[in-house]
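Working notes for the structure below.
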Amino acid sequence: MAFTIMDQNRDGFIDKEDLRDTFAALGRINVKNEELEAMVKEAPGPINFTVFLTMFGEKLKGTDPEETILHAFKVFDTEGKGFVKADFIKEKLMTQADRFSEEEVKQMFAAFPPDVCGNLDYRSLCYIITHGEEKD
């Protein structure tokens, strides 16, 4: 949801103009170009959904939200297997609270694909979101 809000021109990438428009929507109109450039330069390349999640995870390091995210997924993992059905998560993301669009779900599954059985390993997903990198 945050990515879609920031991707003002809906091209799948967050750039300086998207950031400028996001700040304007929040009431901050006179953002310096240098400030926007510095934000964009924090990324290793173009800021697509995957890069955004990684950067977001890096910003969360040390704040210990991983356990909170894990608990949210565990509600749906009634058998304690460490994964949930991707179709089930898709349905919940698109129908509950801050609803994801079809495109947002596609982007999420492109970044974190379900296994061949259609299961989403939420423990790995939580780790990547909160640590910004995959486990070795």
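The values are calculated or read from the model by the stated rules, or taken from the named source; none is laboratory data. The shown structure was predicted, so the numbers you read here are calculated from the model rather than taken from an experiment. Here Cβ is always computed from backbone atoms with ideal geometry, including for glycine, and neighbour counts include all displayed protein chains.
Just a few scattered comments:
- Index of the failed condition, D77 passing every other in (1) acidic (D, E); (2) modelled with pLDDT under 85; (3) surrounded by 13 or more Cβ atoms within 10 Å (Cβ to Cβ): (2)
- Helices (runs of 4 or more DSSP H) completely within the range 1-46 that count 2 or more residues being within 25 Å of Q96 (Cα to Cα): 2-6, 16-25
- Among the residues of the range 114-127, those identified as modelled with pLDDT of 90 or more and within 22 Å of G12 (Cβ to Cβ) are P114, L120.
- Of all residues in the range 1-27, those that are touching a residue at least 40 places away in the same chain (Cβ under 8 Å) and among the charged types (D, E, K, R) total 0.
- Among the residues making up the range 94-110, those that are assigned to a loop (DSSP other than H, G, I, E, B) and either assigned by TED's automatic domain parsing to the domain that holds R10 or under 11 Å from T4 (Cβ atoms) (or both) are D98, R99, F100, S101.
- Looking only at the range 80-93, residues that are surrounded by 12 or more Cβ atoms within 10 Å (Cβ to Cβ) and part of a loop (DSSP other than H, G, I, E, B) come to 1 in all.
- Unique match (being within 29 Å of R10 (Cβ to Cβ), of a type in the set (S, T, Y) and either at pLDDT below 80 or not in a loop (DSSP other than H, G, I, E, B) (or both)) among T68, T50, T63: T50
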